[in-house]
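Encoded as structure tokens, the structure appears first; notes follow it.
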Amino acid sequence: MLSFRTAIPRRQEVTLGVAGLVTFLVVWQLVAVSGWIKPQFLPTPGAVLAAFWRLFTEAGFAGDIAISVGRVWFAFFLAVIIAVPLGLLMSSYRAIGAFFEPFIDFIRYLPVPALVPLLIIWFGVGEASKIAVLWMGTFFQLVLLINEDTKRVPREYIESGLTLGANQWQVMRDIICPAALPNMVDNLRITLGWCWTYLIIAEIVAASSGVGHVIWSLRRFVKTPEVMAGIIAIGIIGLLTDQAFRLLHRRAFVYLDR
Amino acid sequence: MSYLSLQDVSKTFRTATGDVEAVAPLSLHIVQGEIVTFLGPSGCGKTTLMRMVGGLERPTTGQILLDGQPLGGPDRRRGMVFQSYAAFPWLTVAGNIRAGLRYRPGISRSEQADQIARLIDLVGLTGFEDSYTSRISGGMRQRVAIARTLAADPDVLLMDEPFGALDALTREHLQTQLMRINRTEGKTTIFVTHDVEEAILLAHRTLVFSARPARVIEDIDVSTLLPPAARDTETRDQPAFLDLRKRIQTVLRQEHHEGSKADVA
């Protein structure tokens, strides 16, 4: 049954995945009803599901999700439109790379939560500071990832372009970009996931709306089922976004061997 | 009349462990339409020499002239086919050939379509127009790369061991096909190889190179010994071919021997 590094049928794969989830839920349920742990620390899965329902029907949670998703996408968009061209230029022109790399490497190592107080001083407690936190968290990582992706485009592709008569801009547009695009999309998918981590931090510290704010304010009333439901909601949003990116990847890059 | 001239061209690479002379100062004249094969041991500097003609390496000394004009960096006048398959995987066969036409000024849409059809036919890829190059064999990918380079209509065709990574049967098939393509296209060509038979079979003229730094140790007029128009797969069995192969092998062996002595000393 456990054959080493061998593919298994698709059906078996799905069944095992479902079985893993169910096992987790069963163990959770058993522990919750056994009385070892008090319900305010570990509510049953059913209680969490009910809280999930209440959040949407009574607390207007959908609005908070929309606000959080909006923040993530806006900040992510701002990071991407600057990081992609900059990363491409850094790998194309050594001088530009040499100028930016040490600076970006330095900022990249600063833990984003440590920047939150500074960003609040600069941008206040409004939308701007949340966008700034998300942007700081993704932009610098993304520049270096895009830089690497475009650097890895085989030299033969670029030299083919030049000897076909393309100029430097045409090589970047017609060869480096399409050649690096599959890896870039993968890296965008991963970086968008990080955005969610920083969003919750930003919303916990200073916000009056959003998923992070909701979770944090429910904590004060020890509404453990609601807190867990909020966390699970983030997981579901992340999973859906990730799957959407994967689907896009499969559809857009049909030529790749998988 | 010299069309492509190399005048005292040399190349020295600066590395962390010191200077490496890849190509010793060398002068060379190639006439229009001539197919010259560069034959030599691996790593002898023949590829570096060709890359300098392509503008992909800058000569340390000397200059290269095309039709009397000094050459600089890479452009459409010198098309290059690489050893590794440089067909673009995100494009189809037809898309790759279109990429070769893309930077040619003043080509109408209908002309583009005609050219693509002609080139696909020329390299024998009819029926694969819409296949992605990641879905076809190495030999077919290399034919795509050749067609794409021809699409750009370069003055000089540079081929860097284009069949080096192929199996023996495919290589023989592509050599025969290239002989035919050369006859119809008539491009001035430099073809780099370390395969003696290939160097003779495809050449009007073969230059045999020494081990690094590259020097020309033999300049053989293959055309007079084996008329190009009469060549085909069977040419490999002709006495003139076999004599020539033996002669070149002897030269290469001697050169290798000298090289080993130098290594010991």
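At a glance:
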read-out	value
Pair B:Arg205, B:Ile217: separation of 7 Å Cα→Cβ label points (nm)	2.1
Carbon plus sulfur fraction of accessible area for segment B:108-189, probe 1.4 Å, in percent	47
Average beta carbon contacts from partner chains per residue of A:162-172, 10 Å cutoff	6
Chain B: DSSP helices with Cα axial extent of at least 30 Å and average Kyte-Doolittle hydropathy no lower than 1.6	none
Rotationally averaged projected area of segment B:192-249 (alpha carbon convex hull; nm²)	3.8
Reciprocal of mean inverse Cα separation for segment A:184-258 (Kirkwood radius, Å)	14.0
With DNA, RNA and ligands ignored, accessible area of B:Arg253 (1.4 Å probe; Å², nearest 10)	150
Average beta-carbon neighbours from other chains, 10 Å sphere, peptide A:77-90	0
Carbon + sulfur, % of accessible area of chain A - ligands and nucleic acids excluded, 1.4 Å	70
For B:Thr37, residues with placed amide H under 5 Å, excluding near neighbours	B:Phe191, B:His204, B:Arg205, B:Thr206, B:Leu207
Alpha-carbon spread of chain B, three principal axes, descending order, Å	61, 42, 38
Centroid-to-centroid separation of segment B:166-231 and segment B:93-142 [C-alpha atoms, Å]	25
Label-to-label distance, nm, for residues given as B:Ala168 and B:Arg14 (7 Å Cα→Cβ offset)	4.6
Protein heavy-atom accessible area occluded, B/A pair - total, 1.4 Å probe, Å²	2000
Förster radius 22 Å - calculated FRET efficiency between A:Ser217 and A:Gln243, Cβ distance, rounded to 0.05	0.15
Unit charges on C-beta of K, R, D, E only; dipole of the protein assembly as shown, Debye	1400
Residues whose placed amide H lies under 5 Å from that of B:Glu218, excluding near-sequence neighbours	B:Val208
Å² per residue, accessible surface of chain A at 1.4 Å	57
Set of aspartates and glutamates near A:Lys38 by C-alpha distance (under 20 Å), chain-local residues within fewer than 8 positions excluded	A:Glu226
Ordering of A:39-49, A:184-194, B:204-214 by burial proxy (mean other Cβ atoms within 10 Å per residue, highest first)	B:204-214, A:184-194, A:39-49
Cα radius of gyration and Dmax for the protein assembly as shown (Å)	31.7, 99
Ranked by how many other beta carbons lie within 10 Å on average, peptides A:129-140, A:25-36 from highest	A:129-140, A:25-36
From phi via Karplus (6.51, -1.76, 1.60), per-residue ³J(HN,Hα) for segment A:203-211 in Hz, x at Gly/Pro	6, 6, 5, 8, 6, 10, 7, x, 4
Sequence-distant residues sharing a close amide H with B:Ser131 (under 5 Å, placed H)	B:Val93, B:Ala94
Convex hull per residue volume in Å³, alpha carbons only, for segment A:131-258	120
Chain A - Rg (one decimal) and Dmax (whole number), Cα, Å	22.7, 75
Average partner coverage of A:200-211, which counts Cβ from other chains inside 10 Å	0
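The values are calculated or read from the model by the stated rules, or taken from the named source; none is laboratory data. Because the structure is a prediction, the values reported are computed rather than measured. Using ideal geometry, Cβ is built from the backbone for each residue, glycine included, and neighbour counts are taken over all protein chains shown. Keep in mind that these areas ignore ligands, DNA and RNA; they rest on the heavy atoms of the full protein, side chains included. Shrake-Rupley method; radii C 1.70, N 1.55, O 1.52, S 1.80 Å.
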